[in-house]
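Student: Handing you this structure, nothing more for now.
The values are calculated or read from the model by the stated rules, or taken from the named source; none is laboratory data. Model, not experiment: these values are computed from the prediction. Cβ placement follows ideal geometry from the backbone for every residue including glycine, while neighbour counts extend to all protein chains displayed. All accessible areas refer to the heavy atoms of the entire protein, side chains included, with ligands and DNA or RNA removed. Shrake-Rupley method; radii C 1.70, N 1.55, O 1.52, S 1.80 Å.
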Amino acid sequence: MFVQSNKLSLFIIFSVVIGIVLGQQHQQQQQQQQNHEELLFWSNNGVDSLDVKVASPSSFTVKQPAGSSNNKILCLHSYTINNVADDVLLANDAEIQSIEITYNQHTSNNIITESPASRANLYSRYPSIGSESPLLSIVVDYVDTSKKVVTEHFSTVKQMSLNDTAELCKSIEPLIGHPLLPLNQSPLSSLVYMGLVPRDLAAPLFVAGDRPSQLTSSNSIKQRFFQQQIDFTLGGMMSSLSLLENQQQQQQQQQQKQQQPTTTTTTTANSIKPSRISWSLSSTKYIGRTIKLVKNQVTGQINIHFNEVIEISASNVAIESSSILQSVSTATNGHKHTVQLFTGLTDNVETHNKQQANFTATIISREARKQGFHRELFTSIQLNSLNTNNAGQHQQHCSILLLEHFDQGAFVDRYEVDELKRFGGPSVYLYQLIDLEKPSYTSTQNFVSVTKPITTTESSNIDITLPFHLRYQNPGTTINRVSTVLPPVLFISCSDNSNQQQQQPPHWERITITKEVPTLHIETPVGQLGVRSFVIVFTLLVTVVGSLIVILAIVYSNTKDRFASKNK
């Protein structure tokens, strides 16, 4: 009887435990698709207010005031999905903490913001890249102890292994909607070329205002990064979460993928609920898109954060939502209007009120000088002050910083630039230890900062020269391979003449580039596989003939010495 009672008690306890576990799993499934969506509007021409009105429980309108000289409205669409059960996005590599992908096409001619408030809203998320092509940035954050980012102080940066790169490709594929392979060069260059960048550098925006000294010194844990200008259209989750995608096309794609047989349950773009907002505007375009996946190391679930900035060429916008609007609020700052559609946790999408730098810059000239494998990167900058109140006052002592990006085919020699600094050259900081002898196919991308002290006036011209070198390429069928140097990211730090200010760490502010800067494409000669047989035969022939000549010369010399000794 006692034994049966114990069995019954154990059965009851076991049932309660199973019920709790199943209840938690059910609760997690209920929370999986809880999302939060916000729209933030501001006027592109500096108008003090926009008219936001609720037309119905599921719709609202945003209008420019009457008599506005500019009919363009900017919209920040922010979308957060929490507690997503993940079995493919970040589950391929247990050491990945987050993946952030940013597609920025905010070129200088793409959009013009006239007011400081508009610039603050836009530039804090998608700074002007100043280049002629959109820029795709990938930042992968691993756990602190991962061997993929931890290197010894004496160790040069190493490429990621093929297995690690293959797992990373599986995670990124559903985000951008294109197949990726570790060694495939299309549509992206191989991810094995991902370099290391300090976590404190705040890639890919490189806004160092919260950590003023980190642009020129950092001992923090590194992240893997990748940057490339692209010419293809993004798909996957970067597309499905956007307001600008055709809903009918999404439904057709979902139906096509549902018809395909599947053997495993995976988290893809179609398993995430798309935005519940719709609008019918023909004249819209997006300035940039960002998606960030953050893993909960305890539960294994992920939070997905998506945002995009959209330019709307219309004086009024009518927006419909499939969910009841929770609130419509207008902040005290007339440039910002927030419409909250769903409750729940979200990223901080409030306006960044950081002051922008009081300068703009125009790249007058940028070229790779000299020939061969040893080059000089020359940049001529015209720096313009936006603060007209300082006109006629004393000159300002500042430092200008260029953040340069080199692909795997180029590098900067730290010993060379340190020697040049002793003779008045710029101060150069390398964020990773670079092996000078590696060929291109075993190297990685890298960032280098170049700092030069300047004295600013209302308009200043600055010339900066940075020596760099091209790496040897592996043999191929093409005559040349192209190494790229992307347009620089500019920062400035100014202070007065007081010793107190000079002793403080520099506070860098990013500078807007007002004119497109072309990417430098540098051709590097490649060994020709087509003439390999000829080279082998010719080399062997020369070696044999040379060896015979040496042997004959030795024999002749010895014979001559013998005859000479006999004659004596």
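Student: From the backbone phi of region 515-529, what are the Karplus-calculated ³J(HN,Hα) couplings (6.51 cos²θ - 1.76 cosθ + 1.60, θ = phi - 60°) in whole Hz, Gly and Pro given as x?
Tutor: Ordered by residue, 3J(HN,Hα) equals 9, 4, 10, x, 6, 7, 10, 10, 7, 10, x, 10, x, 8, 6 Hz.
Student: A further question follows. In what sequence, largest accessible area first, do 560, 285 appear using a 1.4 Å probe?
Tutor: Result, largest first: 560, 285.
Student: Report in % the part of the accessible area of region 413-498 that belongs to carbon and sulfur, leaving out ligands and nucleic acids; probe 1.4 Å.
Tutor: After summing per-atom areas, the C and S share lands at 51 percent.
Student: Would region 136-209 count as rounded, prolate or oblate if I go by the C-alpha gyration tensor, calling it rounded below 1.5 in a/c and otherwise prolate when a/b exceeds b/c, oblate otherwise?
Tutor: oblate
Student: Take the cross-link list 285/515; 222/452; 158/421; 148/222; 158/452 and give me the ones stretching past 19 Å between alpha-carbons.
Tutor: Beyond 19 Å between Cα atoms: 285/515; 222/452; 158/421; 158/452.
Student: Among 552-558, 126-132, 166-172, how do they line up from the highest to the lowest mean number of other beta-carbon atoms within 10 Å?
Tutor: Packing order, densest peptide first, comes out as 126-132, 166-172, 552-558.
Student: Right, something else. Would you please give the residues with an amide H less than 5 Å from that of residue 60, counting only those at least 5 places away or on a separate chain, with H modeled from the backbone geometry?
Tutor: For residue 60, whose amide H was placed from the backbone, the distant partners under 5 Å are 55, 319.
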